[in-house]
Amino acid sequence: MSATGDLAWLTVAEAAELLRTKKLSPVEYANALIARTERHDKNYNAYLRATPELALEDARRAEGEIMRGDWRGPFHGVPYGLKDIVDYTGLPTTAHSKILQGNIAKADAVVTQKLRAAGGVFMGKLSTHEFAIGGPSFDLPWPPARNPWNRDHFCGGSSSGSGTATGAGFLPAAIGTDTGGSVRNPASMCGVIGMKPTYGLVSRRGVVPLAFSLDHVGTLTRTVRDNALMLDLIAGHDAQDPGSANHATGGYTAQLGRDVKGIRVGVLRHFYTRDMQADPEIAGGIEAAAKKLAELGAEVCEISTAPLGEYIACNRTILTSEAFAIHEKWMRERPQDYGALARERLMAGAFVRAADYVNATRLRRKLTDAFHALFCEVDVIITSSSMDPACRIDDPKAVEYTYGRQSRAPFNITGSPALSVPTGFSKNGLPLGMQIVGKPFSEALIYRVAHAYEQATDWVSMHPTLV
Amino acid sequence: MTNDNLTIDDVRKMAADIGMTRLSEGQSQELLRATQAARARRASLHTDKLTPADEPAHVFSLTSGNGR
């Protein structure tokens, strides 16, 4: 087996074909990405714990199996990483927090089991905001991840290392989690594809919870096809996850390559023009994408829903209440062991009235029913993700200002599948993004629309120059 | 109690009532800010839209039949 091209930017689909046909060695591939990570990650902090020894063990096993003709499928020999709130047997799951230092996982998370069974090459545990809520923070045992397009800028979060590592070419695929936007935010800011699937589509067992009724496990990759391939592997019912949906899964690549003629695309414009005022470059990117989809044959119209603020208030009331219930004991006993950002954001749930929590869940049902009714009029919806390009990571006021300026949380409330896709770059060279949202379990259609848009633009071919 | 009259002493007492007795002065200030923000958010929860029959989403489930 021999190397082909720049291995850092191979897609999962490209790598899979090279690996299957024995033109690329899994060991050579893993070694190339290990070397790249060792060379550059000191400047980006994508990894909390890189595990090159485990990667090479997986890669050698994959190589032996492929050489024997036992190719397991498109993830066999492909490197991946896990946000460090996802369990991998024998390794610490720290949630990027002093609180969980030394918390060794006794079993794999379900998503880890599935990636290992597919023959993936595990590269390590990736940075997160503390407990998937507090960051970017400089008062934790490990530094925060930084943006691969400009290390002075925020990379989004909370699946920050997953976005950075994928965007930086340290690996082609990573797992993140999303409770108020934490897969889609780093995807938008790092210029990669991030899917928050339908609530319950992917098991959460073995993942440190933030808020039970809003938590989703999701996928970050550099192309739409890779994202669909990865979701194919990890989706599925888990009877031991109370939130798991017992629904047919798979076939997420089935519609890729089909055109979008006649697909009804609703532009949810008031989120980023009226409810919040997005940066003009963000808004311009979405408008250009809508125009592009129309040129491709989609039927584009404007739609509306409840004001963004209602969704966000509902999300934050539920999120902080459920999260504080998880953290109350540690808040009593070890408040000093949290970073300041996580502590303050978690403490927001300390004194939420029970009636307010219940009313938020009652509003959630109304908002969800009304939102799903929109899919009588349209097939997919496009709207903003972040309202601003990535701010400087060392500017706490800018981080605080932009943290809540997003329109991702509504789809944690509704449980809808939502995909973040790049729409270009700001004048400063930072990625811009939007979301494509569908009705429950319509991931295949979302990928179809995203793929058609991706193929009609050239954002996917652009890569950052690392320092 | 509204945000206007919520004081650091109030918050310290509320914290003590739920066993959070180890907060430093700075951490108590964080709790005050967090509690004020949470209360301010209540205004955006439009409970006036709810009728007595509106059920909570305690059991949140989805099927492909949702939507179209």
Per DSSP H run of n ≥ 4, the term is -39500 (n - 2.57); total these for chain A, divide by its residue number, and report the mean residue ellipticity at 222 nm rounded to 500 deg cm²/dmol.
-11500 deg cm²/dmol
Candidate span helices, chain A: DSSP H, at least 24 Å along axis from Cα coords, Kyte-Doolittle average at least -1.0, result A:308-333, A:354-373
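What is the packing order of peptides A:339-347, A:239-247, taking the mean over residues of other C-beta atoms within 10 Å and listing the highest first?
A:339-347, A:239-247
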Quick one: which bits of the range B:12-35 get at least 40 Å² less accessible when the partner protein chains are in, versus the chain alone, with a 1.4 Å probe?
B:I18, B:M20, B:R22, B:Q27, B:E30, B:L31, B:A34
Using a ≥ b ≥ c from the Cα gyration tensor of chain A (square roots of the eigenvalues), is it rounded, prolate or oblate, where a/c under 1.5 gives rounded and otherwise the larger of a/b and b/c decides, a/b for prolate?
rounded
Averaged per residue, what accessible surface does the protein assembly as shown expose to a 1.4 Å probe, in Å²?
36 Å²
Mean Cβ count within 10 Å, highest first, over the residues of peptides A:434-442, A:175-183, A:188-196:
A:188-196, A:175-183, A:434-442
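Using the structure shown, list the pairs from A:K261/A:K292; A:K83/A:K196; A:K439/B:K49 with a Cα-Cα distance above 22 Å, or answer none.
Violating the 22 Å Cα-Cα cut-off are A:K439/B:K49.
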Cross-link reach list, aspartates and glutamates versus A:K106, counting only Cα pairs under 12 Å and skipping chain neighbours closer than eight places
A:D87
Please average, across the residues of B:45-53, the number of beta carbons from any other chain that are within 10 Å of each residue's own beta carbon, and give a whole number.
5
May I ask you to order A:304-317, A:404-417, A:119-132 by the average number of other C-beta atoms within 10 Å around their residues, highest value first?
A:119-132, A:404-417, A:304-317
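Determine the total buried accessible area between chain B and chain A, counting protein heavy atoms only with a 1.4 Å probe; round to the nearest 100 Å².
Chains B and A together bury approximately 3900 Å².
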Show which aspartates and glutamates lie in cross-link reach of A:K23 when reach means a straight Cα distance below 17 angstrom and same-chain residues fewer than eight apart are skipped.
A:D6, A:E14, A:E63, A:E65, A:D70
Express in nm, to one decimal, how much length is gained between A:D369 and A:K291 on full extension, taking 0.36 nm for each residue of separation and deducting their alpha carbon distance.
25.2 nm
Prolate/oblate/rounded call for the range A:158-247, Cα gyration tensor, a/c under 1.5 rounded:
prolate
Distance between the range A:329-403 and the range A:218-294 - C-alpha centres, whole angstrom
20 Å
Nearest-20 debye value, chain A charge dipole, Cβ charges on Lys, Arg, Asp, Glu:
380 debye
Would you mind computing, in nm to one decimal, how far apart the modelled labels at A:E377 and A:C301 are, each placed 7 Å from Cα along Cα→Cβ?
0.7 nm
Between B:T7 and A:R332, what is the spin-label point distance in nm, taking each point 7 Å from the Cα along the Cα→C-beta axis?
2.7 nm
What FRET efficiency comes out for the pair A:R39/A:D395, r = Cβ-Cβ distance, R0 = 30 Å, nearest 0.05?
0.60
Can you work out the FRET efficiency for the pair B:S44 and A:R68, with r the C-beta to C-beta distance and R0 = 60 Å, to the nearest 0.05?
0.50
What is the sum of charges, Lys and Arg at +1 and Asp and Glu at -1, for the other residues whose Cβ falls under 12 Å from the Cβ of A:L231?
0
Given backbone amide H placed at 1.01 Å from N, residues whose amide H is under 5 Å from that of A:F425, ignoring those fewer than 5 places away on the same chain, are A:L432
Shape of the range A:219-285 from its Cα gyration tensor (a ≥ b ≥ c, root eigenvalues): rounded if a/c is under 1.5, otherwise prolate when a/b > b/c, or oblate?
prolate
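For A:A348, what is the net charge nearby, where nearby means another residue's Cβ is under 11 Å from its Cβ and Lys, Arg count +1, Asp, Glu -1?
+4
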Net charge around A:P417, counting only other residues with Cβ within less than 12 Å of its Cβ (Lys, Arg = +1; Asp, Glu = -1)?
+1
May I ask which residue of A:N185, A:G206, A:G404 lies farthest towards the positive end of the charge dipole of the protein assembly as shown, with charges of +1 (Lys, Arg) and -1 (Asp, Glu) on Cβ and the Cα centre as origin?
A:G206
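The values are calculated or read from the model by the stated rules, or taken from the named source; none is laboratory data. Here the structure is a predicted model, which is why all the values come from computation and not from measurement. Ideal geometry is used to build each Cβ from the backbone, glycine not excepted, and the neighbour counts take in all protein chains shown. The area values use the complete protein model at the heavy-atom level, side chains included, leaving out ligands, DNA and RNA. Shrake-Rupley method; radii C 1.70, N 1.55, O 1.52, S 1.80 Å.
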